[in-house]
Structure formats: C-alpha cells, structure tokens
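> First the structure, then my questions, so here it is.
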Amino acid sequence: MLEIFQYGFIVRGLEAGILIGLIAPLIGIFLVLRRYSLIADTLSHVSLAGVAIGLLFKINPLWTALGASAISSIAIERLRVSKKIYGETALSIFLSGSLALAVVIIGLAHGFSVDLFSYLFGSIVTVKQTDIFLIFGLGALIAISIFLFYKELVYIAFDEEAATVAGLPVKIFNTLFVLLAAVMIAISIPIIGILLISALLVLPTITALQLKKGFKTTLLWAEIFSIFSIISGIITSFYLNISSGGTIVLIMLMIFGVVLLIKNYDQK
Amino acid sequence: MPIDHQKNIIEVKDISFSYGDVEVLKNITLDIHEGDYISLIGPNGGGKTTLLKIMLGLIIPQNGAVKLFGKDIKDFKDWSKFGYVPQKAINFDPLFPITVREVVAMGRYGKKGLLKWLNKKDQEIIDDALTQVEMSNHANRLIGNLSSGQQQRVFIARALAGEPKVIFLDEPTVGVDVKNQEEFYTLLTHLNRDLNITLILISHDVDVVSHQVTELACLNQTLVYHGEPKKFMKGHYLDELYGKNARFVDHKH
C-alpha cells in the first residue's frame, strides 16, 4: 500500500483532498439547511465557464473559476433578495447561461481535449503544487470565517426573521456566505470536478442529518463522512485507475445508503 | 426597579401602510407603555402582523413615525431590548438538527455582538431561561422531537435569554392544544407580572386573550378599539370588527 506515496501526484491529491474534505461540510451544512443546494450546482456550472476562459487565455483555470463563481454568487443573492424573479429561476438563468458561454468558448478554442474532462469529473493527476497553496489559503479563509461567524450563521439558517429582529446584519452574512460557497466550489474543482461538487457539499451533511443530533454533533459527523470518503476515494481511484471525483461521490452515496439502512433497522 | 406604567416605550404615530394598491393600515396611532400586556386582535388581513413588523423595523411604513424607547426607529440600535417569538408553524423546520439548548443560546447572540463567544455568565442566563419555561429537563433533546406546546416554550426561552424589556409574540398558540394553551398563558402572565416584561401578543383568539391581557388593541385597517378588554367585550366593537353575525362565547374562568 505504501508504494502509492512514491508518486508525487497522489501525495498532492491527498493533501488537496483532505483540505477539501475538511472544509466542504462547513459550507455544506448551511447550504443544505438553508435549501441552497441548487446554488452549489449553479455556481459549479458557472465555474465551468470560468475554467473555459482560463484555458482559452492560458491563465490558471482555478483563478478564473474563482472569479466567475464569486461574481455570480453575489449577483444571484441580489436577484434572490430583490424578489424581482423567483429564486430558482435566477439559478437556472445562471446555470444554463454559463453553460452556454462555456460551450461557445470551448468551440472557439476547438476543444481543449483531455484537460477539460479532468475539470468536469476531477482528476488528482492535474493537481499542481501551486493549486495546493491556493486550496490551503482559500480553504483557511473559509474555515476561519465560518468559525468566527458560527453563531450568526446558525441563527440565520434556523430563523432568519428572528435573527433580523435581534439586530444581526443578516444581508451582509447572506452575501458573505454565498461568497464563501463560491470560493469552496472553485477550490474543489481539481479533486471532485465541476459536475460532482454539489454531491461533495450535500451528501455528507444529508447523511449526518439522518443521525438526528444537535448542530455541532451533526457537523462533526459530516466531517467524518466527508474526510473518510475523500481519502478512501482517492486511494481507490488510484488503484483502479478511475476518476477520483466519481469514486468519492459513489463512496459518499454508499455511506448514505448504509446509514439509512441502519436507521430503518433501528426503528423496527 | 419599579416600572413606570405611564412611560411610553413604543410610540406609533399616524402609520399607514399599503401592499401595492391594498391599504392594510390607515392612520394608526398607538402607544405602548412599560409593563403593558397588550394583545393586537382583529380579522385576518386586518393588519396585525404588518403593524408588528413595522414596530420591529422589519418593514417600513409609507407614512407615519415609530419611536422605540423615545428614539426614532431609524436611529434605534438597541434591538436586544426586544424579544421575538415568531409564528412557529411558518418559520420552523422540524428537521433542523438543533438541540433545545442550542436554540435558547441564540437568544444571547444578538446581545453578545460579533466575534464574541458565550461565556459562563451567558450559559447561566440560558439555564435560567430554560428553568423559567420549565424546559431544563429537555435541554439536550432535538427541538423537532418536542410537542408544539414545548416548542413554543423553547421559543419563549430563546426570547428570555436576550434579557428583553419587551417580547413580541405572533400568534404563538397556533397548533397548540387547549390544555397547553392554558399553561402557556399562565407562563405569559408570570413573565409580565413577576419579570416586568412588556408583552405584545398577536392573536385571533379574541375570547381567550381578553381574559388574559390588560389591554386590547383591535385592528381592522384602522385602530377600532384600544383599551381594557372588559369595555371591549361590552361594546359593539365585535360587530364592527367581524360583522354583525359573529358570536363569541364568553367563558367565565
């Protein structure tokens, strides 16, 4: 088993994976509880347009993905608050719009061949050392923000109106949160791939919710499911020579299934 | 500290509010004094919740002014003086993974301010709030697993944890059965009399609340009545509010 650590890319993949695995539930639990899961999906498609722009202009696609999803996250939140259009239609405008943009850019560049596929489904082979620094820096930013504003974010997620009455700056926190989600999505791309990011964010939390615990305990279980799935997914994908993103998500689904089964068995 | 029943803590002056073309509130003027236990009643669409939201600064009226503790609402910053118990049925996700204690702790958050953690004193205040509503034994249960009456007590405890001077309650007994409703009103009377908290209660249950509160304010776009419940029940205000054929059974408790 130890020989896998002789490969630089697998070590980098695991480093990036563990970082992502640690941070994803911090964002995921709020996405799920606020019924924002679709925002994750939309922002990940937006970041595909960002990746395409990066590949076209030969800039690190992680940066362009980050820019695209950060800007869109704020725009989506503004549209949602303005109530000029329904929340979910705002999402589909961004989802399909950015997909259209991505397809056109890819066409202009006459395709990007293999590269694009690894951005869609995640491939640890493409994780570069600079990506690790980027993931670490931005991941720390997310973790620290959630830690510092934990009590406000929990209050707003549970009861936005009462939080407003209590004098919390709800609008600022809502914007901050979607922005953090956008950052999370951008840095998850190399490991999990654009099309599978929402699963990474949502599944560990959904699984932990089945255990019916308090907020902190639920978050802790989501962390355990998330990190376990990512580490075992990366190692499995290395030995079977398959996509890391797909393997991780399938393991997450398997854990979800097992937890559901045990829960059902318990109730009988 | 003795309470001054003459002191205005909320002054609503000449408020009008419309949603689009629909006028919901028209020239409402209403003072609420320290220590009041007042219920806003009136038919659905009569503007009760709108007025409550205006007093809490959640919506801004097209006309008129609101003063809270002598300050214009725009300049008012001390929101921790107010506790809020929302209309539970609408605002609350029973699957939300949160314990009773975690919910009550939220009551401290507005008071603490950003970047400050709850300390030992906060924890004591949370314990005390749980004791006041007799929910200490359920502190570690999930709120979704409690009965409606118990959940409502937890929301009261959350409001209490902020050590408020005033608590607003928006139809708090919806979905709570009769026996628990009685206990609930006993708790509210205790908060008002023993803890000197001003209570502002929205209710559609004219009959029940008129035996509980010290003041009634009846809204049907305009302020139809404001004063003691007794006089209200004797007058013909109910006809005006609900139409001639409405009848209420007057229980003698």
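A short reminder: the numbers here are calculations on the coordinates, not readings from a lab. Owing to the predicted nature of the structure, the values given are computational and were not obtained by experimental measurement. Cβ: placed from backbone, ideal geometry, glycine included. Neighbour counts: every protein chain shown.
> How long are the three semi-axes of the equivalent ellipsoid of chain A, in whole Å, if each is the root of 5 times an eigenvalue of the C-alpha gyration tensor, listed from largest down?
Values: eigenvalues 158, 129, 53 Å².
Semi-axis lengths for chain A are 28, 25, 16 Å.
> Between B:S18 and A:Y150, take the C-beta separation as r, use R0 = 45 Å, and let me know the FRET efficiency to the nearest 0.05.
The calculated FRET efficiency here is 0.70.
> Could I ask something else about it? Could you please rank A:F94, A:F147, B:F69, placing first whichever residue has the fewest other Cβ atoms within 10 Å of its Cβ?
Details: A:F94 22, A:F147 9, B:F69 16.
The order, fewest Cβ neighbours first, is A:F147, B:F69, A:F94.
> For chain B, the longest stretch holding no trypsin sites (Lys or Arg not before Pro) located in a DSSP loop with at most 10 other Cβ atoms within 10 Å is which? It would help to have the intermediate numbers written out before the result.
Numbers: sites that count: B:K74, B:K77, B:K244, B:R247, B:K252.
In short, B:78-243.
> Right, another one. Cα-Cα over 28 Å: which of A:K171/B:K71; A:K151/B:K81; B:K7/B:K111; A:K151/B:K165; B:K74/B:K165; A:K151/B:K48? Kindly include the intermediate steps, with their values, before the conclusion.
Details: A:K171/B:K71 24 Å; A:K151/B:K81 19 Å; B:K7/B:K111 24 Å; A:K151/B:K165 23 Å; B:K74/B:K165 19 Å; A:K151/B:K48 31 Å.
Check vs 28 Å cut-off fails for A:K151/B:K48.
> At q = 0.09, 0.13 Å⁻¹, what log₁₀ I(q)/I(0) does a Debye calculation on the Cα points of the protein assembly as shown give, no solvent, two decimals?
Summing over Cα pairs of the protein assembly as shown leads to -0.74, -1.19.
> Compute the FRET efficiency between B:T131 and A:I71 as 1/(1 + (r/R0)^6), taking r as their Cβ-Cβ distance and R0 = 51 Å, and round to the nearest 0.05. Mind dumping the intermediate values first?
Working: r = 50 Å, r/R0 = 0.97.
After rounding, the FRET efficiency stands at 0.55.
> Let me ask another. How far, in degrees from 0 to 90, does helix B:120-132 lean away from the longest principal axis of the Cα atoms of chain B, to the nearest 10?
50 degrees
> Determine, from the Cβ-Cβ distance of B:T186 and A:R78 and an R0 of 41 Å, the FRET efficiency 1/(1 + (r/R0)^6), rounded to the nearest 0.05. Let's see the in-between values first.
Values: r = 47 Å, r/R0 = 1.14.
FRET efficiency, B:T186 to A:R78: 0.30.
> Given the -39500 (n - 2.57) contribution per DSSP H run of 4+ residues, what per-residue ellipticity at 222 nm results for the protein assembly as shown, rounded to the nearest 500 deg cm²/dmol? List each step's numbers first, then the result.
Values: 21 runs with 306 residues, N = 521.
Helices in the protein assembly as shown give a 222 nm mean residue ellipticity of -19000 deg cm²/dmol.
> In addition: For chain B, how big is Rg over Rh, using alpha carbon atoms and the Kirkwood form of Rh?
Working: Rg = 18.3 Å, Rh = 19.0 Å.
Here the Rg-to-Rh quotient is 0.96.
> Okay, moving on. Considering every residue in A:164-177, what mean count of other chain Cβ atoms within 10 Å of its Cβ is obtained?
Numbers: counts 6, 14, 15, 13, 6, 1, 0, 0, 0, 1, 0, 0, 0, 0.
The shielding value for this peptide is 4.
> Based on DSSP H assignment, which helices of chain A show an axial Cα extent of at least 27 Å together with a mean Kyte-Doolittle hydropathy greater than or equal to -1.0? Walk me through the intermediate numbers first.
Working: long enough: A:8-33 (38 Å, 2.15); A:37-57 (31 Å, 1.62); A:61-82 (31 Å, 0.77); A:87-108 (32 Å, 1.88); A:129-148 (29 Å, 2.02); A:170-192 (32 Å, 2.32); A:215-240 (37 Å, 1.39); A:244-267 (35 Å, 1.42).
Answer set is A:8-33, A:37-57, A:61-82, A:87-108, A:129-148, A:170-192, A:215-240, A:244-267.
> Work out how far the C-alpha atoms of region A:1-80 reach from end to end along every principal axis, then list the three figures in whole Å, largest first.
51, 37, 12
> Same structure again: Can you give the angle from 0 to 90° between the axis of helix B:178-194 and the longest principal axis of chain B, with both taken from C-alpha atoms, to the nearest 10?
That works out to roughly 90 degrees.
> At q = 0.12, 0.13, 0.14 Å⁻¹, what log₁₀ I(q)/I(0) does a Debye calculation on the Cα points of region B:50-191 give, no solvent, two decimals?
For region B:50-191 at q = 0.12, 0.13, 0.14 Å⁻¹, log10 I(q)/I(0) is -0.52, -0.61, -0.70.
> Arrange the following residues from fewest to most other Cβ atoms within 10 Å of their Cβ: A:S232, A:S123.
Final ranking by Cβ density, sparse to dense: A:S232, A:S123.
> Hey, another quick one. Hey, fewest Cβ within 10 Å first, where do A:T218, B:T49 land in order?
Values: A:T218 25, B:T49 19.
Final ranking by Cβ density, sparse to dense: B:T49, A:T218.
> Taking the convex hull of the Cα atoms, report for region A:123-268 its projected area averaged over all directions, in nm². Walk me through the numbers before you get to the answer.
On the way: hull surface 40.9 nm².
Over all viewing directions, region A:123-268 projects a mean Cα-hull area of 10.2 nm².
> Right, here's the next one. If one computes the Cα centroid of region A:25-74 and of region B:4-22, what distance in Å separates the two points?
45 Å
> Right, here's the next one. Who wins for biggest fluctuation among A:L26, A:L14, A:L168 in a Gaussian network model of chain A, springs between alpha carbons below 10 Å?
Highest fluctuation among the options: A:L168.
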